[in-house]
Amino acid sequence: SYYAKKNRIPYSMVMAVAQAESNLMPHRISSTGAMGMMQLMPGTAKDMKVEDPFNPRDNIQGGTRYLRMLWKRYSGNKEKVAAAYNWGPGRVSKRKKLRGLPSETRHYVKRVLRLERKYRQRASK
């Protein structure tokens with residue numbers, strides 16, 4: 001929650017992405033080489049100044065910084081932020097609508113939005 005507040009990103013969004021990416025498992029590595037809880041690619045981890053992508057604090061700090069960048073780029077549109085986190089901001093920006101996304105990304109966006117609602121509702125209780 002500290003990094004969410006620091007980067008002005010809803011905590012519910014950070015948690016939803018972390019759960020969708022790794023099921024909150026800090027040592028997860030994907031088949032494409034994404035690492036840690038927020039599943040940062042090596043280049044993204046470097047760009048976000050993550051020293052140890054398997055350290056939960058470093059990983060969440062870097063992932064939240066990256067979410068902040070996407071949040072600003074897409075004016076807080078959660079659907080586009082989630083799509084860009086999964087498929088890459090360059091690819092999403094070229095699309096006027098999100099209909100043309102690959103099915104994996106469409107499913108990912110739905111999952112993140114569902115999880116984000118769950119975390120938001122939990123926080124409001």
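A few notes on this one:
- Restricting attention to the stretch 31-61 and to residues that are under 16 Å from G88 (Cα atoms) and hydroxyl-bearing (S, T, Y), the residue that is surrounded by the fewest Cβ atoms within 10 Å (Cβ to Cβ) turns out to be T32.
- Residue among A83, A123 that alone is in contact with a helix residue (DSSP H, G or I) (Cβ under 7 Å, 6 or more places away or on another chain), open to solvent by 40 Å² or more (accessible area, probe 1.4 Å) and farther than 20 Å from M35 by Cβ: A123
- Only a single criterion out of (1) of a type in the set (G, A, S); (2) within 19 Å of Y3 (Cα to Cα); (3) open to solvent by 40 Å² or more (accessible area, probe 1.4 Å) is not satisfied by S103, namely (2).
- Restricting the stretch 19-30 to residues that are farther than 20 Å from S124 by Cα and crowded, with 18+ Cβ neighbours inside 10 Å, the residue that is farthest from the chain's Cα centre (by Cα): P26
- Among (1) closer than 26 Å to P26 by Cα; (2) of a type in the set (K, R); (3) without any contact (Cβ under 8 Å) to a residue 12 or more places away in the chain - the single one R111 does not satisfy: (3)
- Any pair with Cβ under 6 angstrom, 6 or more apart, that starts in the stretch 13-30 at a residue that is in contact (Cβ under 8 Å) with a residue 60 or more places away in the chain and ends at one that is acidic (D, E) and buried (at least 23 other Cβ atoms within 10 Å of the Cβ): M13/E116; A16/E116
- Tabulated pairs, the stretch 82-93, first under 21 Å from R117 (Cβ atoms) and touching a residue at least 12 places away in the same chain (Cβ under 8 Å), second among the hydrophobic types (A, V, I, L, M, F, W, C) and open to solvent by 20 Å² or more (accessible area, probe 1.4 Å), C-beta under 6 angstrom, 6+ apart or interchain: A83/L98
The values are calculated or read from the model by the stated rules, or taken from the named source; none is laboratory data. Model, not experiment: these values are computed from the prediction. Note that each Cβ is placed from the backbone with ideal geometry, even for glycine, and that neighbours are counted across all protein chains shown. Quick note on the areas: whole protein, heavy atoms, side chains included, nothing else; ligands and nucleic acids left out. Shrake-Rupley method; radii C 1.70, N 1.55, O 1.52, S 1.80 Å.
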